[in-house]
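A.B. asks: Please find one structure pasted underneath; my questions will follow.
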Amino acid sequence: MELFFWLTLSIILYTYFGYILILVILFYVKKIFCKDIKNSEITDYPKITVLIASYNERSIIEQKIENLRNLDYPKDKITFLWVTDGSDDGSYEILSTYPDMKVIHENERKGKVGAINRGIKYVDTDIVLFCDANTLLSKGSIKAIVEEFSNPSVGCVTGEKRIISDIKDFAPAAGEEIYWKYESLIKLLESKNNSTIGAVGEFCAIRTSLFEPLEPDTILDDFIISLRIAQKGYKIKYSPYAIAMEWSSESIKEELKRKVRIAAGSIQTLIRLKSLLNIFQYGFLSFQYWSHKVLRWIIVPFAIFLLLPINIALVLIDSSTQFYIVILIMQTIFYILALVGYFIHQKKIFFKLLFAPYYILIMNYAQIIGIIRFFKQRQSVNWEKSKRISN
């Protein structure tokens, strides 16, 4: 039991803290011994297509188009391509009235993956950027993305995701915000050392020639697209200057629905990209994949819930071991804070970190539910939109 306790605790600590520490150390070692290669300065920006796969997004079309038109990029070098997958809310008709928006529509809904596979055939630019309809881009985001592609070894570029809320200190927004700040730090360090593991689905650019048609039942298109490019030997880079903004989930219930889908997709990704698990074939990229995703997807969710009962059992067996008592006290405080987070999750809070323990437990609970749903084959490929607070 002691062995199991130490193994469980070590995996949790390594996944959330140890991996980041290793990346920080490697970054500074690389900075000392390796010359920093900067991207070439771009004098003639390449043509790029922004592909937006959408379903019944009538309510945000006007805001999205205004955001696209305000992007700081040569107007003659950027194409906006919408794929209104099975939309029946009039969004296709509305988009058709905008001359600078290219629209592809079919009445049958085939999901986001079907829309991407269909839309990519109409892309005639070297770079394509996949973007969600409900995602707003910072003014200089396209230029920041394109600058990364000046390095020929880069095949995919992702940006920083930020959560926006018009409700100050809204608890679900606070949880998402903390999570994405943490994720952004990992992605930045990974990018500095080698390659970011996976792209942000709301905002992901690739070299068009590297795209492989996705299987129709693909759940996490962003992971499959980006990691297949990494498997070919290209880098996935992260740009903190390319910012994608999205409204927070309306409630924890809506956020849980989204996380469960992602969890189911993560298991599918592991199966489809199983060769990436081979550290002898992919080296450091495989090490990153195990550390950032695999442990967090399939081991930590169970470990985090098992650690408490194991800890209690060890204290009951031998109460003289101070270390086990200290860890138990820390876990108890963590769960008390999570309980507080549960009671205030629809309230305004003034200390965002107070909500973090509850959000961590929710994420890991969602991962377990998603794993079960995947193996029961109950996860639809069609995206069921989560309600956002702006809706």
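The values are calculated or read from the model by the stated rules, or taken from the named source; none is laboratory data. Just so it is clear, the structure is predicted and the values come from calculations on it, not from any experiment. Using ideal geometry, Cβ is built from the backbone for each residue, glycine included, and neighbour counts are taken over all protein chains shown. Heavy atoms of the whole protein, side chains included, go into the accessibility calculation; ligands, DNA and RNA do not. Shrake-Rupley method; radii C 1.70, N 1.55, O 1.52, S 1.80 Å.
A.B. asks: Please check: in the Gaussian network model of the chain (C-alpha springs, under 10 Å), which one of S91, S286, S59 has the largest mean-square fluctuation.
C.D. replies: Residue with maximal mean-square fluctuation among S91, S286, S59: S59.
A.B. asks: Looking only at the chain, where both bridge partners belong to it, what percent of the DSSP beta bridges are antiparallel (to the nearest 5)? The partial results should precede the final answer.
C.D. replies: Details: 12 of 39 bridges.
Just about 30 percent of them are antiparallel.
A.B. asks: Continuing with this model, one more query. Go through (1) 50, 20, 19; (2) 41, 23, 20; (3) 37, 25, 20 and flag the label whose value is the computed semi-axes √(5λ) of the Cα gyration tensor in Å for this structure.
C.D. replies: (3)
A.B. asks: Bin by bin, in steps of 10 Å, what percent of the Cα pairs in the stretch 177-293 do you find, going until the bin that has the longest distance?
C.D. replies: 12, 44, 37, 8, 0
A.B. asks: Put a dot 7 Å past each Cα toward the Cβ at Q231 and V24; how far apart are the dots in nm?
C.D. replies: For V24 paired with Q231, the spin-label model returns 3.4 nm.
A.B. asks: If the only charges are +1 at each Lys and Arg Cβ and -1 at each Asp and Glu Cβ, what is the size of the charge dipole of the chain around the Cα centre, to the nearest 20 debye?
C.D. replies: Details: 47 positive and 40 negative charges, 117 e Å.
For this selection, approximately 560 debye.
A.B. asks: Report relative contact order for the chain in percent, whole number only (criteria: Cα-Cα under 8 Å, sequence separation at least 6). Working shown, then result.
C.D. replies: On the way: 649 pairs, mean separation 79.4, N = 391.
Averaging sequence separation for qualifying contacts and normalising by length gives 20 percent for the chain.
A.B. asks: Among all stretches of the chain without exposed GluC sites (Glu not before Pro) (DSSP loop, at most 14 other Cβ atoms within 10 Å), which one is longest? Provide the component values of the computation, followed by the final result.
C.D. replies: Working: sites that count: E41, E108, E384.
For GluC sites (Glu not before Pro) (loop position, at most 14 other Cβ atoms within 10 Å), the longest site-free span of the chain is 109-383.
A.B. asks: How much accessible surface does D126 have with a 1.4 Å probe, in Å² rounded to 10?
C.D. replies: For D126, solvent-accessible area is about 120 Å².
A.B. asks: More than 20 angstrom separation, counting every C-alpha pair in the stretch 251-368; what % is that?
C.D. replies: Numbers: 3942 of 6903 pairs.
The answer is 57 percent, as a whole percent.
A.B. asks: Could you order C34, C204 by accessible surface area, starting with the largest, using a probe radius of 1.4 Å? Intermediate values should be presented prior to the final figure.
C.D. replies: Details: C34 75, C204 5 Å².
Correct descending sequence by accessible area is C34, C204.
A.B. asks: Rounded to the nearest 10 Å², what accessible area does Y45 have for a 1.4 Å probe in the complete protein model?
C.D. replies: 40
A.B. asks: Would you kindly work out the equivalent ellipsoid of the stretch 191-250 from its C-alpha gyration tensor and give its semi-axes, the square roots of five times the eigenvalues, largest first in whole Å? Before the final figure, lay out the partial values.
C.D. replies: Values: eigenvalues 79, 62, 18 Å².
Those come to 20, 18, 10 Å.
A.B. asks: Taking amide H positions as placed in the peptide plane 1.01 Å from N, state which residues far from C204 in sequence (5 or more) or on other chains have amide H under 5 Å from it.
C.D. replies: F130
A.B. asks: Give the distance, in whole Å, between the Cα centre of the stretch 93-128 and the Cα centre of the stretch 20-91.
C.D. replies: The stretch 93-128 and the stretch 20-91 have Cα centres spaced 16 Å from each other.
A.B. asks: Once phi is turned into ³J(HN,Hα) by the Karplus curve 6.51 cos²θ - 1.76 cosθ + 1.60 with θ = phi - 60°, what whole-Hz value does each residue of the stretch 90-104 show in order, with x for glycine and proline?
C.D. replies: Computed from phi, the couplings for the stretch 90-104 are x, 5, 5, 5, 5, 4, 5, 7, 9, x, 8, 10, 8, 10, 10 Hz.
A.B. asks: If one takes the longest principal axis of the Cα atoms in the chain, at what angle in degrees, from 0 to 90 and to the nearest 10, does the Cα axis of helix 300-317 lie?
C.D. replies: Helix 300-317 sits roughly 10 degrees off the main axis of the chain.
A.B. asks: Using a Gaussian network for the chain with springs between C-alpha atoms less than 10 Å apart, which of these wobbles most: Y289, Y19, Y55?
C.D. replies: Y19
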